[in-house]
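K.L.:
Quick one: structure below, then a few questions.
The values are calculated or read from the model by the stated rules, or taken from the named source; none is laboratory data. Treat the numbers as computed from the prediction; the structure is a model and nothing was measured. Note: ideal-geometry Cβ built from the backbone for every residue, glycine included; neighbour counts use all protein chains shown.
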Protein chains: 2
Amino acid sequence: MTSSNLQPDEPVNPQTDIFLRACYRQPVPYTPIWMMRQAGRYLPEYRALRSQYDFLTMLRTPELATEVTIQPVDIVGVDAAILFCDILVIPEAMGMELRFIEKQGPVFTDPLRSEHDIDQLKPVAPQEDLPYVMEAIRQIRAQLAGRVPLIGFAGSPWTLAAYMIEGQGSSHFRTLRRMLYAEPALLEKLLDKLTIAIAKFLQAQVEAGAQAIQIFDSWGGLLTREAYQYYSLPTIQRIIARLHRTANVPVILFSRGRGADLDLQMDSGADVLSVDWTIPIGKARQQVKEQVAIQGNLDPAALYAPPEILQEEAKSVLSGYGDGPGHIFNLGHGIFPDVPVEHVQALVEYVHNDRKNSHAN
Amino acid sequence: MTSSNLQPDEPVNPQTDIFLRACYRQPVPYTPIWMMRQAGRYLPEYRALRSQYDFLTMLRTPELATEVTIQPVDIVGVDAAILFCDILVIPEAMGMELRFIEKQGPVFTDPLRSEHDIDQLKPVAPQEDLPYVMEAIRQIRAQLAGRVPLIGFAGSPWTLAAYMIEGQGSSHFRTLRRMLYAEPALLEKLLDKLTIAIAKFLQAQVEAGAQAIQIFDSWGGLLTREAYQYYSLPTIQRIIARLHRTANVPVILFSRGRGADLDLQMDSGADVLSVDWTIPIGKARQQVKEQVAIQGNLDPAALYAPPEILQEEAKSVLSGYGDGPGHIFNLGHGIFPDVPVEHVQALVEYVHNDRKNSHAN
């Protein structure tokens, strides 16, 4: 399936490949936009399905995953679809029992606490262990029929390790951070296993039809810069190097909370760096010196604003990036479940109509 | 009582005023150290008291607050004491009902949701509304008898507003952030009221004997840089200006998650900027161009490390700051409740014994 992916120097269909062109810093007629968690509860159509099926059933049923993946393309008009899935399917495929608790989120029954626990983790064979993911990708590609590209994704090794050790989301991740300082060799062993599993998983996603990949390093911001350089970034580097050797897809790296360290992230091999809303996008662009594209970074809370304020905020991101290619509009973090869908639609329309910063040349 | 405070150009007792000298970037024989939440559960002596009294009783009883404030001075050997209190006593004094729920933390029974709610908030008269705070400060000063200085503190207006609107700590603070974009005039009204209340409270703390003040802008990191400049920083600026007009105490500002914005924080009027562990302290120092002192910034999780690793981490902070005055050693966030007290003691000893970066001249 990779033959259908965009090659860096290939001519593209400007109606369908604006997002991919922007990833490679090629000229585009307008700034493409998609939103993290765009397949989500703010859409009445998503909520209607969610009322019938639990979260795990939805992501494990290719027909349902396909339907919600495509909803924001139809309803909101985004320029890329992102696979409806969860970063925790990898730990699950490695043998950890995962439950989703309503209003609390995902919880591992037995978090990793010892070398024995880590040794017990199975290697991942994506085709056998996660066939529903590959099938969903094939169905989504078929149903999208080239309208917009499909983004696959995975969590970074550090971020998956965070959940696997802590057992769930946490405000301080104390168990994880204790291991970081008290038993770093254990953590490294886990990170190594995860790096291999994630690389294979992403490779399989591309083979099934994913046309771009985003790596969510959601908890990279827990680390010192030095520890980020040692524990998170090299694993991401290895994953991206492997992907780039075998697949022609752009890779987006989102290390949340590390907007001051884009100089390091540039060495990851990522084609696009996604930044959260706490750093001005103009400052992000300065850091990367036109070497990679930048994705972001509207405050997700701006979608609560009335249209005229929302428009001002969107404008400030667009003009903050400035002229020239290499900007993908996105939120600085996942979309909130209770924003009005009309606001989301208005945002997409506004970004599409903004030609003042047109990247065409 | 302010007559006992250090004046910027006054000769000091080097045994007792090392912390205050460092705040003013004066030469000191070694780097002073204290730790956020140093009066806390990692101390067996603290836990012994906490098993008898609930948290609110402890902070409302001057004798108990005094005892736990002084514990880390006696047991750990820190160079400053910080008042045992809570930033949420201000919203409580304004009329909000506050409860502390074990393992969950503070919760407001009726979070602010409307202009009416905000209009109902009472002005704060610190002497009448918070007499136990002032009495604790007087008792602590008397018992410390000049051994180390006493730091008073308050939350920033933005940070208190965060809890008052959301009702409690939160991973996303969606209610707060909705108000920020959907009803900014309401938020500004609340911030104005809080600014006045906090300024008066800090003034009263200094009059009672606090010799330095720290402002905890714990949730400043939720904002875009632009919104931080508009909603948080000016209120802090007003508070510090008022303090500096009437009291000769150094002011420390800790805007967590805003290490990339020390250029802005320098305009706050703070004498010391406290930084979290996600930014290298050398980079922090570069940003402030020797205009203010820097406090920080060991990863609190480093206290889980065995002594030789902990020492390396502490050394990296000390040498990261480098030679010359203006460094106060601290953690990048509050101390965790389950770190071994021996590690905390070893850290203080190591910092005190490190003369390679001696600030004396």
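K.L.:
Give the residue that is nearest to B:TYR304 (Cα to Cα), with candidates limited to residues of segment A:159-178 that are of a type in the set (Ser, Thr, Tyr) and within 12 Å of another protein chain (Cβ to nearest Cβ).
P.N.:
Per the stated criteria, the residue is A:THR175.
K.L.:
Okay, moving on. Can you name the residue in segment B:269-278 that is in contact (Cβ under 8 Å) with a residue 60 or more places away in the chain and of a type outside the set (Ser, Thr, Tyr) and, of all such residues, is farthest from the other protein chains (Cβ to nearest Cβ)?
P.N.:
Narrowing segment B:269-278 to residues in contact (Cβ under 8 Å) with a residue 60 or more places away in the chain: B:271-272, B:274.
So of that shortlist, the ones also of a type outside the set (Ser, Thr, Tyr) come out as B:271-272.
Details: B:ASP271: 24, B:VAL272: 21 Å.
Per the stated criteria, the residue is B:ASP271.
K.L.:
Still on this structure: Check A:ALA22, A:ALA65 and return the single one that is in contact with a His (Cβ under 7 Å, 6 or more places away or on another chain), modelled with pLDDT of 95 or more and part of a helix (DSSP H, G or I).
P.N.:
Testing whether each residue is in contact with a His (Cβ under 7 Å, 6 or more places away or on another chain), modelled with pLDDT of 95 or more and part of a helix (DSSP H, G or I) leaves just A:ALA22.
K.L.:
Moving on. Hey, B:VAL292 hits all of (1) within 24 Å of B:SER156 (Cβ to Cβ); (2) in contact (Cβ under 8 Å) with a residue 24 or more places away in the chain; (3) facing another protein chain (nearest Cβ under 10 Å); (4) not hydroxyl-bearing (Ser, Thr, Tyr) but one; which does it fall short on?
P.N.:
Here B:VAL292 clears every test but (3).
K.L.:
Being among the small types (Gly, Ala, Ser) and surrounded by 22 or more Cβ atoms within 10 Å (Cβ to Cβ) is the requirement here; does A:ALA80 meet it?
P.N.:
Criteria met by A:ALA80.
K.L.:
What are the residues in segment B:254-312 that are of a type in the set (Phe, Trp, Tyr) and in a strand (DSSP E or B), if any?
P.N.:
B:PHE254, the sole residue that qualifies.
K.L.:
For residues in segment B:89-113 being in contact (Cβ under 8 Å) with a residue 60 or more places away in the chain and part of a strand (DSSP E or B), which is nearest to A:SER171 (Cα to Cα)?
P.N.:
Selected residue: B:GLY105.
K.L.:
Still on this model: All but one of (1) touching a Phe, Trp or Tyr at 6+ places or on another chain (Cβ under 8 Å); (2) surrounded by fewer than 19 Cβ atoms within 10 Å (Cβ to Cβ) hold for B:PRO91; which doesn't?
P.N.:
(2)
K.L.:
Right, here's the next one. How many of the residues in segment A:236-268 are among the small types (Gly, Ala, Ser), more than 14 Å from chain B (Cβ to nearest Cβ) and touching a strand residue (DSSP E or B) at 6+ places or on another chain (Cβ under 7 Å)?
P.N.:
Matching residues across segment A:236-268 total 1.
K.L.:
Does A:ILE335 satisfy the criteria of being modelled with pLDDT of 95 or more, within 14 Å of another protein chain (Cβ to nearest Cβ), assigned to a loop (DSSP other than H, G, I, E, B) and more than 21 Å from A:GLN38 (Cβ to Cβ)?
P.N.:
no
K.L.:
Another one. Are any residues in segment A:205-236 within 21 Å of the chain's Cα centre (by Cα), within 21 Å of B:LEU310 (Cα to Cα), surrounded by fewer than 23 Cβ atoms within 10 Å (Cβ to Cβ) and not hydroxyl-bearing (Ser, Thr, Tyr), and if so, which ones?
P.N.:
If the condition is that a residue be within 21 Å of the chain's Cα centre (by Cα), within 21 Å of B:LEU310 (Cα to Cα), surrounded by fewer than 23 Cβ atoms within 10 Å (Cβ to Cβ) and not hydroxyl-bearing (Ser, Thr, Tyr), then A:GLY221, A:GLN229 are the ones that fit.
K.L.:
Can you pull out every residue in segment A:248-277 that is surrounded by 20 or more Cβ atoms within 10 Å (Cβ to Cβ) and more than 18 Å from the chain's Cα centre (by Cα)?
P.N.:
Selection gives A:ALA260, A:ASP261.
K.L.:
With B:LEU160, B:LEU180, B:LEU176 as the choices, which residue is within 21 Å of the chain's Cα centre (by Cα) and buried (at least 23 other Cβ atoms within 10 Å of the Cβ)?
P.N.:
The unique qualifying residue is B:LEU160.
K.L.:
Something else now. Report, ordered by the first and then the second residue, all pairs with beta carbons closer than 8 Å, sequence separation of six or more or different chains, a first member in segment A:296-318 that is over 11 Å from A:VAL344 (Cβ atoms) and more than 8 Å from every other protein chain (Cβ to nearest Cβ), and a second member that is at pLDDT below 95 and not in a helix (DSSP H, G or I).
P.N.:
A:ALA314/A:ASP354; A:LYS315/A:ASP354; A:LEU318/A:ASP354; A:LEU318/A:LYS356; A:LEU318/A:ASN357
K.L.:
Oh, and also: For segment A:200-239, give me each residue that is within 21 Å of A:ASP129 (Cα to Cα) and small (Gly, Ala, Ser).
P.N.:
Of everything in segment A:200-239, those that are within 21 Å of A:ASP129 (Cα to Cα) and small (Gly, Ala, Ser) turn out to be A:ALA204, A:ALA208, A:GLY209, A:ALA210.
K.L.:
Out of all the residues in segment B:319-330, which are away from every other protein chain (no Cβ under 12 Å) and of a type outside the set (Ser, Thr, Tyr)?
P.N.:
B:GLY322, B:ASP323, B:GLY324, B:PRO325, B:GLY326, B:HIS327, B:ILE328, B:PHE329, B:ASN330
K.L.:
Follow-up. Take B:LYS189 and decide whether it is away from every other protein chain (no Cβ under 12 Å) and under 22 Å from the mean Cα position of the chain (by Cα).
P.N.:
On the way: away from every other protein chain (no Cβ under 12 Å): yes; under 22 Å from the mean Cα position of the chain (by Cα): no.
No: the conditions fail for B:LYS189.
K.L.:
Please determine whether any residue of segment B:187-204 is farther than 25 Å from A:SER316 by Cα, surrounded by fewer than 22 Cβ atoms within 10 Å (Cβ to Cβ) and at pLDDT below 95.
P.N.:
no
K.L.:
Within segment A:211-229, track down each residue that is part of a loop (DSSP other than H, G, I, E, B) and in contact (Cβ under 8 Å) with a residue 60 or more places away in the chain.
P.N.:
First pass over segment A:211-229, keeping only residues part of a loop (DSSP other than H, G, I, E, B): A:211, A:218-219, A:223-224.
The answer is A:GLN211, A:SER218, A:TRP219, A:LEU223.
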